[in-house]
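Remarks on the structure that follows.
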Amino acid sequence: MNTPFSVSLVNWHDGEPLLRSVREAVFIREQGISPDLEWDGLDENCRHALVLSHQGEAIGCGRMFADGHIGRIAVLPNWRNRKVGTAIIESLLDYARAHDYPQVDVDAQLHAVPFYHGFDFAEEGCIFMDAGLPHIKMRLKLFPR
């Protein structure tokens, strides 16, 4: 499939300005999350998926910790429903499988639960509040390809 974007896995040092631009637009400005909560100091320990349009504009991102926890999945509004989020999750899942992670998990905002169901994530536990927004833990067992 020919897509108008590309996904790369990067470390924080290499991708910071572009990753920050997407997360500031989505989480801080759009969703009203406090910068103190968004910039938690944990990014340097994560693998990041960075999506660029063919024009070089940062349009989406996500991160994964060494323990398989996925988070900070963000797509700019005008790129939603164009498979950008799918590409982010697929790249992080491919990375996890290639590194023999037995499972991954995500603290999903409730509106995103159906999106994660598309990858066979399953809810676990109760709804909780994070940064003032309702979330639920979701987990996916991984099997080698």
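Annotations for the structure displayed:
- Filter result (buried (at least 17 other Cβ atoms within 10 Å of the Cβ) and more than 14 Å from R23 (Cβ to Cβ)) within the stretch 54-68: M64, G68
- Looking only at residues of the stretch 24-72 that are of a type in the set (S, T, N, Q) and touching a residue at least 40 places away in the same chain (Cβ under 8 Å), we find that the one that is nearest to L93 (Cα to Cα) is S53.
- Of all residues making up the stretch 94-112, the number that are aliphatic (A, V, I, L, M), surrounded by fewer than 18 Cβ atoms within 10 Å (Cβ to Cβ) and touching a residue at least 12 places away in the same chain (Cβ under 8 Å): 2
- The lone exception for G125 - which of (1) out of contact with any Asp or Glu (no Cβ under 7 Å at 6 or more places or on another chain); (2) touching a residue at least 24 places away in the same chain (Cβ under 8 Å); (3) not in a helix (DSSP H, G or I) it fails: (2)
- Matching residues in the stretch 74-112 - criterion: being assigned to a helix (DSSP H, G or I) and small (G, A, S): G85, A87, S91, A96, A98, A112
- From the options E44, E24, E16, E38, residue that is within 16 Å of P77 (Cα to Cα), out of contact with any Leu (no Cβ under 7 Å at 6 or more places or on another chain) and surrounded by fewer than 19 Cβ atoms within 10 Å (Cβ to Cβ): E24
- Checking each residue in the stretch 39-68 for being part of a helix (DSSP H, G or I) and within 20 Å of D130 (Cα to Cα) picks out only D43.
- Of all residues in the stretch 2-38 being aliphatic (A, V, I, L, M) and part of a helix (DSSP H, G or I), the one that is modelled with the lowest pLDDT: L37
- Any chance S91 is within 22 Å of K137 (Cα to Cα), at pLDDT 95 or above and hydroxyl-bearing (S, T, Y): yes
- Annotation: F115 fulfils all but one of (1) assigned to a loop (DSSP other than H, G, I, E, B); (2) within 23 Å of L18 (Cβ to Cβ); (3) of a type in the set (F, W, Y); the unmet one is (1).
The values are calculated or read from the model by the stated rules, or taken from the named source; none is laboratory data. Only a predicted model underlies this, so the values are computations on that prediction, with no experimental measurement involved. With ideal geometry, Cβ positions are generated from the backbone for all residues, glycine too; neighbour counts draw on all protein chains shown.
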